[in-house]
Amino acid sequence: MLHHEGVDITAAEFYARLAAGAIVTTSAPSPGEFVAVYEHAARNAASGAVSIHTGSNYEAGPSVGAHTGAGTIGVVYCPREP
């Protein structure tokens, strides 16, 4: 079952399930989830957004999802790698 932290499961619920033996995994947001957030910001008159993620040398998922999602709706994506 997929849950979004702070949206449909609280930290307390998460830790209670974990203590009860639930097996948990994590996943990077999909490009579509990035698109939804970027579009929501644009609809609400945001003049810009800063989206900070772990470096692609650590975990590529968030960086790839953000880049793909941004490109889908014409948002400028400027990755900064050390």
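No value in this document is a laboratory result; all are computed from the given coordinates. Just so we're clear, the structure is a prediction, and the values are computed from it rather than from any experiment. Neighbour counts are summed over all protein chains in view; Cβ atoms, including those assigned to glycine, are modelled from backbone coordinates with ideal geometry.
A few notes on this one:
- In this simple spin-label approximation, Ala20 and Ala49 carry label points 7 Å from Cα along the Cα→Cβ vector, and these lie 3.4 nm apart.
- Near Ile9, the amide H atoms lying under 5 Å from its own belong to His4; only residues 5 or more places off or on other chains count, and H is placed 1.01 Å from N.
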